[in-house]
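The values are calculated or read from the model by the stated rules, or taken from the named source; none is laboratory data. Note that the structure is a prediction, hence the values are computed from the model and not measured. All Cβ positions, glycine included, derive from the backbone under ideal geometry; neighbour counts span all protein chains shown. Surface accessibility is based on the protein's heavy atoms, side chains included, excluding ligands, DNA and RNA. Shrake-Rupley method; radii C 1.70, N 1.55, O 1.52, S 1.80 Å.
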Amino acid sequence: MRSSTETRVIETIADMRVWRESVRQPGEKGKPQVGLVPTMGALHDGHMTLVRKAVRECRHVVVSIFVNPMQFGPNEDFDRYPRTFENDIQLVREAGAEVVFHPAVTQLYPDGHGVATKVVAPGELTERLCGQHRPGHFTGVTTVVLKLFSIMQPDVAYFGEKDFQQLTIIKRMSKDLDLPLDIVGVPTVREIDGLALSSRNVNLTSTERKRASELYKTLCFVREESLSGRRTLEEVLHVAGDRLNKMPEFSLQYLEACDPITLAPLKTAQTPMVILVAAKLGSVRLIDNLLVT
Ligand code: AMP
């Protein structure tokens, strides 16, 4: 365990449980005692928006930083995933969060993540969209998130709408498993040109970075065109997906409009709906979405 002026870094489950016990007494009336912001680090302003909200709303805030091997496929970017721990601590300290939980992989998976018990959310949520391109990904996510909930016992946990499918699945897991906490979704933070902030953006070349805002432009185009009624939703998705895919750097994985609760694909444009996109830009996989209410 290490400590800084205001933010403590805790590396073991045992120390985390001791800390949690030390803040056991109920907080001010109406204010949640412990808020958790789970992250994989390489923190940016998207993450920090969640942390600042948690700090405003909760008496004690824990930010977890853990690049979870269970949610990466064998040919994915686990090794290449950016890790900027010292900078992360500085940002968390400035935001006023009390604890950073930073466990080693062996803390969370002492026998290896392959043989650990897993939490499996319903296939209709986990096997489509990102799940189709990243088999097992959401099982890795729900498993690690449930472990973090079990270790930290937060009253509230904050997740970004940036990962809309992930947020939907975690809400569903919480409901189905009667977890005693609130799941709060936070709107996506974007660059000026519309690109959603992501830890993976640093791996884009400068040409790819310039192109990357096309993802958000595509989402806006689908929203405007499908709601205008000039073309069917199917036509709009086809035209927009084709346009993106024809740009040399892009390889489209999906572009869909779905019901925001069930993630079932829609045949006609409606409100509310969520338009979701995933594409590879060079070697970097990017996702984004637009909630239309
Ligand atoms: P990650 O470190 O990518 O696992 O993200 C940790 C949390 O931050 C997740 O709940 C993400 O949805 C959220 N997040 C990541 N990027 C953004 C963003 N641009 N705006 C809002 N939340 C974000």
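Brief remarks follow.
- Cross-link table LYS118/LYS171; LYS31/LYS147; LYS217/LYS280; LYS53/LYS210, entries beyond 22 Å C-alpha to C-alpha: LYS31/LYS147; LYS53/LYS210
- Extension reserve of the ARG230-ASP45 stretch, reckoned as 0.36 nm per residue once the Cα distance is removed: 62.9 nm
- Applying 1/(1 + (r/R0)^6) with R0 = 35 Å to the Cβ-Cβ distance of THR262 and GLU76 gives a FRET efficiency near 0.85.
- Calculated SAXS-style log₁₀ I(q)/I(0) at q = 0.18, 0.23 Å⁻¹ - segment 107-215, Debye, Cα scatterers: -1.02, -1.27
- Hull volume in cubic angstrom per residue (convex hull over the Cα atoms of the chain): 135
- 5 Å binning of all Cα-Cα separations within segment 21-93, expressed as whole percents from 0 upward: 3, 15, 22, 19, 16, 12, 8, 4, 2, 0
- Residue-span extension gain [VAL105 to GLU191] - 0.36 nm each, minus C-alpha spacing: 27.8 nm
- Shown for the chain: the carbon plus sulfur share of the solvent-accessible area, taken with all protein chains present and a 1.4 angstrom probe, equals 52%.
- Sorting VAL284, VAL55 by accessible area puts them as VAL55, VAL284; the probe is 1.4 Å, largest comes first, and only protein heavy atoms count.
- 5 angstrom amide H check on VAL186, placed H, neighbours 5+ away: PHE159, GLY160, GLU161
- Normalised radius of gyration (Cα atoms, divided by 2.2 N^0.38 Å) for segment 121-173: 1.12.
- Note on THR205 and LYS280: the model spin-label points, each 7 Å out from Cα along the C-beta direction, lie 1.5 nm apart.
- Computed from backbone phi, the HN-Hα couplings of segment 122-133 come to x, x, 5, 8, 9, 9, 9, 6, 4, x, 6, 9 Hz, rounded to whole numbers (Karplus: 6.51 cos²θ - 1.76 cosθ + 1.60, θ = phi - 60°; Gly and Pro given as x).
- With Cα atoms as the point set, segment 199-292 shows a radius of gyration and Dmax of 13.3, 38 Å.
- Candidate residues LEU195, LEU146: accessible-area rank, largest first, probe 1.4 Å: LEU146, LEU195
- With all protein chains kept in place, the per residue accessible area of the chain amounts to 47 square angstrom at a probe of 1.4 angstrom.
- Build a GNM of the chain with springs between Cα atoms under 10 Å apart, and of VAL119, VAL156, VAL61 the one that fluctuates most is VAL119.
- Placing a label point 7 Å from the Cα of ASP182 along the Cα-to-Cβ direction, the residues of segment 143-173 whose backbone N falls under 16 Å of that point are 154-160, 171.
- Under the Karplus curve 6.51 cos²θ - 1.76 cosθ + 1.60, θ = phi - 60°, whole-Hz ³J(HN,Hα) for segment 40-47, x wherever Gly or Pro sits: 9, x, 6, 5, 9, 5, x, 4
- Under 5 Å, built H, 5+ apart or other chain: amide partners of GLU249: none
- For segment 62-140, the percent of C-alpha pairs falling in each 10 Å distance bin, counted from 0 to the bin holding the largest distance, reads 16, 37, 33, 14, 0.
- 3J(HN,Hα) couplings calculated from phi for segment 66-75 with the Karplus curve 6.51 cos²θ - 1.76 cosθ + 1.60 (θ = phi - 60°) are, in sequence order, 7, 7, 8, x, 5, 9, 9, x, x, 9 Hz; Gly and Pro show x.
- Contour minus Cα-Cα distance for SER22 and SER251 (0.36 nm per residue): 77.5 nm
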